[in-house]
Every structure is written in C-alpha cells, then in structure tokens.
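The values are calculated or read from the model by the stated rules, or taken from the named source; none is laboratory data. Remember, predicted model here, so these are calculated numbers, not experimental data. Virtual Cβ from ideal backbone geometry, glycine too; neighbours counted across all protein chains shown.
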Amino acid sequence: MDRAFRNLQSARAGADTETNMKSPPQPQPVLRAVRAHFVEPTPAVLRLRDGRRIPGNLKTVSVTGGLLSVPHPVDTGSGGKIMFLTKAGMILGSAEMLSPVSWNLQAFRFVALASGDKLRLQTAIQASLEQTRNERGRIERSRDW
C-alpha cells in the first residue's frame, strides 16, 4: 500500500457511512415569516441609492420584507432605504426591490434592519394579527345562527 494514503484506508475501515445510512437526510421545512396586512393605509417612502424618492403604501409586511404599492415599477435589484410609520413607531430599513407583481405592486426584501426597528416591526405585526383575530371574533359573535 502506498504510504501517502495509508491514513485513508484505516479511517475507512472503521465505519462506512454510506452503508450505515438508512435514508438520506431530510431537508428542514422552510417556514415563512409571519405577515401582516395592515387595515389602515400605511404610507411608505422608498429612497433609492441614486437619490430618487418613491412614495407608496405598504400592503403586506414581515420581518423579511413586504409588498409595496408604488406609482410605477422600480428596477429589480435596486437598493435603498424604506421608511414607514406603524402604531409601534417608525421603521427604517435597507431594502432591495424584487420583481414587480403588477404595474403598481412590488415586493421588497429587507437587507438590513436595526434591532430596534426589527423589534418595533415585530410589535406592529403582532398587534395587526391580534386586531384581525379580534375582528373575526366579533363577526362570528354577531352572526345570526
């Protein structure tokens, strides 16, 4: 046996992982971040790196990104800052624009979100979910059965 590869032979003789494996490892399911759909209009401003400011309304948001109503599509991959106001306070984050969903709806992802902004965003999302849950409960209780 060649001396240069002697260590590989002894390591392989102890355990063969291919024959001991019963099934291939299963990938972990990817859980989507909780999303909030705000009841009231939520104005937002997108400030691109080239200095342009694009007003819009936030339709859906999560801690990973959201959906913005804009007057016209923004170039996919454009980056900048997005700012919007929630009941929990102002949120400011760095965002990258994703592919437009339609002429006036475009997704974005957060590329950076400071811990304070993330906490305020989580609080706003939780409050929105609780408000939706309470409204559904009132509707159910008010139905004629």
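Quick rundown of the values:
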item	result
Unmet criterion (only one of (1) among the polar types (S, T, N, Q); (2) at pLDDT below 95; (3) not in a loop (DSSP other than H, G, I, E, B)) for S94	(2)
In the stretch 51-65, the residues that are under 16 Å from A127 (Cα atoms) and either β-branched (V, I, T) or surrounded by fewer than 17 Cβ atoms within 10 Å (Cβ to Cβ) (or both)	T60, V61, V63
Failed item, numbered, when T76 is tested on (1) outside any loop (DSSP other than H, G, I, E, B); (2) of a type in the set (S, T, Y); (3) over 14 Å from T42 (Cα atoms)	(1)
Filtered residue count, the stretch 70-94, keeping only those that are touching a Pro at 6+ places or on another chain (Cβ under 9 Å) and within 17 Å of F38 (Cα to Cα)	3
